[in-house]
Amino acid sequence: MGNGNESMLTVQILMMGLILILIALALILLFKKGKEDREIRSERGQEILKTEEQGREALNAKKIYRMARELEDIQEEMIQLKKEQKQLHHRIDSYRKRQEPGKEQPFDQVLNQSLFQQKNEDVLQRYEEGMEPGEIARSLGKSLREVEMVIKLGKQENRGD
């Protein structure tokens, strides 16, 4: 019977050894699974952060685009206001010149000069900025002779004032 007890003991030891091995394997698997879960959560968190960042960038891009459009509108308004200011100054100057004694000009002549300057303001302004007549003609789609004539008449008006 001693042999039977020894073999039973051996079987029990082997069973315990197998159980320990199985427990160790189960713990290793659980450890790996936990580690993989943390990595997956970390990757998902990074993806979420990346998506949020892209969303913020898209919103910022929209804001920048909107601001650029508003700036363009403001610039167009400024250009229009400058033109209106020039016209107003020209009318005021014409009125003052008419009020000066001894230097009266007929109203229709003053009106014609004012209309001439308003109609050809782009040509005269560009010439004053230093552009050549050929450049002015190309940029405004006018003939060179027309531009030269406007410049010549503009100079005469300035000398006559």
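The values are calculated or read from the model by the stated rules, or taken from the named source; none is laboratory data. Small disclaimer: the values here were computed from a predicted structure and weren't measured. So basically every Cβ, Gly included, is an ideal-geometry build from the backbone, and we count neighbours across all protein chains shown. Accessible surface is based on the protein model in full, side chains and every heavy atom, while ligands, DNA and RNA are left aside. Shrake-Rupley method; radii C 1.70, N 1.55, O 1.52, S 1.80 Å.
Springs join every pair of Cα atoms under 10 Å in this Gaussian network model of the chain, and among Leu18, Leu144, Leu81 the largest mean-square fluctuation is at Leu18.
3J(HN,Hα) couplings calculated from phi for region 50-65 with the Karplus curve 6.51 cos²θ - 1.76 cosθ + 1.60 (θ = phi - 60°) are, in sequence order, 5, 5, 4, 5, 5, x, 4, 5, 5, 4, 5, 4, 5, 5, 5, 4 Hz; Gly and Pro show x. Apolar share of the accessible surface for region 1-69: 67 percent from carbon plus sulfur atoms, 1.4 Å probe. Using a Gaussian network model of the chain whose springs link C-alpha atoms within less than 10 Å, name the residue from Glu76, Glu121, Glu53 with the highest mean-square fluctuation. Maximum among the listed residues: Glu53. For the residue pairs Lys86/Lys155; Lys97/Lys152; Lys97/Lys142, the alpha carbons lie more than 28 Å apart in Lys97/Lys142. In the chain, the ratio of gyration radius to Kirkwood radius, Rg to Rh, stands at 1.82 when only Cα atoms are counted. Average accessible surface for the chain: 86 Å² per residue, computed with a 1.4 Å probe over protein heavy atoms with every protein chain in place. Could you list log10 I(q)/I(0) for region 1-49 at q = 0.14, 0.18, 0.22 Å⁻¹, which the Debye formula gives when each Cα is one point scatterer? Once normalised to I(0) and log-transformed, intensities are -0.56, -0.67, -0.78. Partner lysines whose Cα lies under 29 Å from the Cα of Lys35, excluding those fewer than 8 positions away in the same chain, are identified as Lys50.
Selection among Ala24, Gln125, Leu88 by position relative to the dipole of the chain gives Leu88 as farthest towards the positive end (Cβ unit charges, Cα centre).
The stretch between Asn3 and Met67, if pulled fully straight at 0.36 nm per residue, gains 13.6 nm over its current Cα-Cα span. With unit charges on the beta carbons (Lys and Arg positive, Asp and Glu negative) and the dipole taken about the Cα centre of the chain, which residue among Val11, Gln156, Ser42 sits farthest to the positive side? Comparing the listed Cα positions along the dipole, Gln156 ranks first.
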